[in-house]
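Enquirer: Sharing a structure with you now.
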Amino acid sequence: MIVLAAQLAAAVALLMWSTRLIRTGVERAFMPELKSGLKRLSGNSVSAAAGGSFAAMIMQSATAVALISAGFAVSGMLAPHTALALVLGAELGSALMTRVLILPVDAVLPFALLIGVTAFFKAHSRKTKQVGRIIIGLALVFISLGMIREATAPIGDNAIIQSIASYFRDDLVSAYVLGAVLTWAMHSSLAAVLTFATFAATGLITAPVAAALVIGANLGGAAIPFALLWTAERPARLIALGNLVARGSMTLVFLIVLISGSVDLGMLGAGAAQQVVALHILLNGTLLLVALPLVTPITRLANATLPRHSMPESTSLSALDPDALDHPPLALACAQRELLRMSETVQAILLSVMHLFRDWDPEQARMIERREDEIDRMHFETKIYVSRLRETNIKPEQDKKTLEIVAMANSLEEAADRIAVNLVGLAKKMSDEAITFSDEGLADIAHFHDQIVTNGQLALSVLTTGDAEAARQLVAEKDRIRIEEQKLQERHLKRLQRGAIASVETTNIHQETLRVLKQINAALAMSPIPSPKKPATCLKAALPAPAALEVRHEQG
């Protein structure tokens, strides 16, 4: 029994890791294009929902799309109600993917693995390599589902398991709660629903119990972004709360209908697995139809009930422990934690500065300046801490690490200065002169800014994980951004040749904004590439900055 339980746990773990593998490949290969496409499709609630659905199917994660949407709302790119529509669409897209992933495709799995592994190891381009990663992840999803079926078949005959399954047949409310808890623990509603569907397919649980678990999984799936965004800025919390309220209400309605026995699950499919997957799709489709016209009232309700957080800088604590200076490895870890806090704070102000070019907000500008002051303080304290550490008897490799930490701190401080001084100053000048970018010019700058934000998230990932591949990708992005900036400058000159009035009025600010963004990207790309033998180890900060929205999440 213990061996079978271990096999089942391993199969579920492989399923979770496989979905994460797919998302990682999509993020590394197509994130700028994906973000740009989502913004283009977010002109109204219907197209935003369609874009969110497609993005969730590609990324295998509604939570990832929710975090991207929250980032758009915080930066002012999308209104909160439009971002909520995007999230509701993402939930339906994730539900549709569960139907795709239970298809019988065992015959093609060996070929998929061969193609994926070959592309990953032999590809000369970064995107082709990541496509190989995505194919491998998809193949492993189907393999893990087969492992779950094989592990649950013998377990179903166990007397204890049968008694537990019998209990849940008589208590669907407990099954609903258990589904929410397990989804939260797995941090992936997609993986949870696939697991429950596989349990139902093997007869481990009955269709009504699986249905209750899946309904609960929808509640747990909505709780994941809510928890991840609770310390974020207010627009992000509005989206997370609105989604939780809408999905939570719909799950209660479906649970009541299920308990009443007024619906025959047999109408949803021939087998138990097909039935619960169809129920999952039906729930999210119904939610989208009902809630999409009400996204504005839902966000207003969330805004009225949401408590206001105090500014985080008053409670920020340094990770630099003076008592650790007598233990160099521990002291270096403390310095890295402080460096991570700096990086998260830089990411926060970079994410929000674009809003000032669309609609000048003095309070938001002051917030950016306050956070830049905090970065200056962390920069100064980190250098002093490292200098004190270097006065002790440290090893040569530790001495080298202190130099890397100081170099990265200098780069982050430079990036923060560019944001708080140069970009905020340019946005203020536009407000004072009452001028605006042309529509094409604003779209170019917003797209370029998105790419810099994505690279900032990549730099944060390198700092957190010490991933050598991600570090090399970050360096490659520096060259690509330089070429991209030249193309955008040329596009601007062509608009000047056409005599576009808005382009003429803002030409200096437009070109300077592109140049500053390129410099910010160069500063963020200064992360040292870790050695393959001794990868850099970076720990998460004790109190991370609240607006680093899109990098601190698991699959969902």
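The values are calculated or read from the model by the stated rules, or taken from the named source; none is laboratory data. Just so we're clear, the structure is a prediction, and the values are computed from it rather than from any experiment. All Cβ positions, glycine included, derive from the backbone under ideal geometry; neighbour counts span all protein chains shown. Note: areas computed on protein heavy atoms with side chains; ligands, DNA, RNA excluded. Shrake-Rupley method; radii C 1.70, N 1.55, O 1.52, S 1.80 Å.
Enquirer: Filter segment 387-411 down to the residues that are open to solvent by 40 Å² or more (accessible area, probe 1.4 Å) and not in a helix (DSSP H, G or I) and list them by number.
Expert: GLU391, THR392, ASN393, LYS395, listed by residue number.
Enquirer: Looking at the structure I just gave you, is LYS129 surrounded by fewer than 14 Cβ atoms within 10 Å (Cβ to Cβ) and either within 22 Å of ALA278 (Cβ to Cβ) or more than 20 Å from the chain's Cα centre (by Cα) (or both)?
Expert: Here the answer is no, as LYS129 does not meet what is asked.
Enquirer: Among the residues of segment 458-471, are any over 27 Å from the mean Cα position of the chain (by Cα) and open to solvent by 60 Å² or more (accessible area, probe 1.4 Å)?
Expert: The answer is no, given that none of the residues of segment 458-471 is over 27 Å from the mean Cα position of the chain (by Cα) and open to solvent by 60 Å² or more (accessible area, probe 1.4 Å).
Enquirer: Exactly one condition in (1) modelled with pLDDT under 90; (2) assigned to a helix (DSSP H, G or I) is false for ILE384; which is it?
Expert: (1)
Enquirer: Cβ-Cβ below 8 Å, separation at least six or inter-chain, first residue in segment 433-457 and of a type in the set (Ser, Thr, Tyr), second surrounded by 17 or more Cβ atoms within 10 Å (Cβ to Cβ) and modelled with pLDDT of 85 or more: which pairs?
Expert: If the second residue must be surrounded by 17 or more Cβ atoms within 10 Å (Cβ to Cβ) and modelled with pLDDT of 85 or more, the pairs left are THR436/MET430; THR436/LEU442; THR436/THR506; SER438/ARG495; SER438/THR506.
Per-residue answers, yes or no, for (1) touching a Pro at 6+ places or on another chain (Cβ under 9 Å); (2) closer than 14 Å to PHE196 by Cβ; (3) part of a helix (DSSP H, G or I); (4) among the small types (Gly, Ala, Ser):
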site	(1), (2), (3), (4)
PRO110	no, no, yes, no
GLN130	no, no, yes, no
ARG133	no, no, yes, no
MET147	no, no, yes, no
PRO154	no, no, yes, no
ILE164	no, no, yes, no
TYR176	no, yes, yes, no
GLY179	no, yes, yes, yes
LEU182	no, yes, yes, no
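Enquirer: Of all residues in segment 141-194 being touching a residue at least 12 places away in the same chain (Cβ under 8 Å) and aromatic (Phe, Trp, Tyr), which is surrounded by the most Cβ atoms within 10 Å (Cβ to Cβ)? Explain how you work it out, then say what you get.
Expert: As a first pass, look at segment 141-194 and keep what is touching a residue at least 12 places away in the same chain (Cβ under 8 Å): 141-156, 158, 161, 165, 168-169, 172-173, 175-184, 186-194.
Keeping just the survivors that are aromatic (Phe, Trp, Tyr) gives 142, 168, 176, 184.
Details: PHE142: 20, PHE168: 20, TYR176: 28, TRP184: 20.
Going through the qualifying residues, I end up with TYR176.
Enquirer: Going residue by residue through segment 429-439, is there one that turns out to be farther than 25 Å from ASP361 by Cβ, assigned to a helix (DSSP H, G or I) and of a type in the set (Lys, Arg)? I'd like the intermediate steps shown before the answer.
Expert: As a first pass, look at segment 429-439 and keep what is farther than 25 Å from ASP361 by Cβ: none.
No, the conditions are met nowhere in segment 429-439.
Enquirer: Further question on the same structure: Of all residues in segment 221-269, which are open to solvent by 30 Å² or more (accessible area, probe 1.4 Å) and not in a helix (DSSP H, G or I)?
Expert: The answer is TRP230, THR231, GLU233, GLY261, SER262, VAL263, ASP264.
Enquirer: Take PHE54 and decide whether it is farther than 29 Å from ALA427 by Cβ and aromatic (Phe, Trp, Tyr).
Expert: Criteria met by PHE54.
Enquirer: Next up: Taking segment 331-375 as the region of interest, how many residues are under 17 Å from ALA236 (Cα atoms) and among the polar types (S, T, N, Q)?
Expert: 4
Enquirer: Can I ask one more? Given the residues GLU440, GLU469, which is the only one that is at pLDDT below 80 and of a type in the set (D, E, K, R)?
Expert: Only one candidate passes the filter, namely GLU469.
Enquirer: Mind checking whether some residue in segment 316-335 is in a helix (DSSP H, G or I) and of a type in the set (Ser, Thr, Tyr)?
Expert: No - not one qualifying residue is present in segment 316-335.
Enquirer: Still on this model: Determine the pairs where a residue that is touching a residue at least 24 places away in the same chain (Cβ under 8 Å), located within segment 371-395, has a partner that is of a type in the set (Lys, Arg) and part of a helix (DSSP H, G or I) with Cβ atoms under 7 Å apart, the partner being 6 or more residues away or on another chain.
Expert: Pairs that qualify, where the first residue is touching a residue at least 24 places away in the same chain (Cβ under 8 Å) and the partner is of a type in the set (Lys, Arg) and part of a helix (DSSP H, G or I), are MET378/ARG341.
Enquirer: Determine if segment 388-401 includes at least one residue that is under 31 Å from the mean Cα position of the chain (by Cα) and within 18 Å of VAL453 (Cα to Cα).
Expert: Taking segment 388-401 as the starting set, the residues that turn out to be under 31 Å from the mean Cα position of the chain (by Cα) are 401.
Now narrow it down to the ones that are within 18 Å of VAL453 (Cα to Cα): none.
No, because not a single residue in segment 388-401 is under 31 Å from the mean Cα position of the chain (by Cα) and within 18 Å of VAL453 (Cα to Cα).
Enquirer: Could you look through segment 328-370, keep only residues that are among the basic types (Lys, Arg) and more than 16 Å from VAL421 (Cβ to Cβ), and pick out the one that is most open to solvent (accessible area, probe 1.4 Å)? Explain how you work it out, then say what you get.
Expert: Step one: filter segment 328-370 for residues among the basic types (Lys, Arg), giving 337, 341, 358, 366, 370.
Narrowing the set further to residues that are more than 16 Å from VAL421 (Cβ to Cβ) leaves 337, 341, 358.
Working: ARG337: 65, ARG341: 4, ARG358: 87 Å².
Among those residues, the one meeting the criterion is ARG358.
Enquirer: Somewhere in segment 412-421, is a residue of a type in the set (Asp, Glu), assigned to a helix (DSSP H, G or I), touching a residue at least 40 places away in the same chain (Cβ under 8 Å) and within 30 Å of GLU490 (Cβ to Cβ)?
Expert: Within segment 412-421, one or more residues are of a type in the set (Asp, Glu), assigned to a helix (DSSP H, G or I), touching a residue at least 40 places away in the same chain (Cβ under 8 Å) and within 30 Å of GLU490 (Cβ to Cβ).
Enquirer: Sticking with this one: State the number of residues belonging to segment 201-220 that are surrounded by 23 or more Cβ atoms within 10 Å (Cβ to Cβ) and at pLDDT 90 or above.
Expert: Number of matching residues: 12.
Enquirer: From the list ARG341, ARG377, exactly one residue is touching a Pro at 6+ places or on another chain (Cβ under 9 Å) and charged (D, E, K, R). Which is it?
Expert: Only one candidate passes the filter, namely ARG341.
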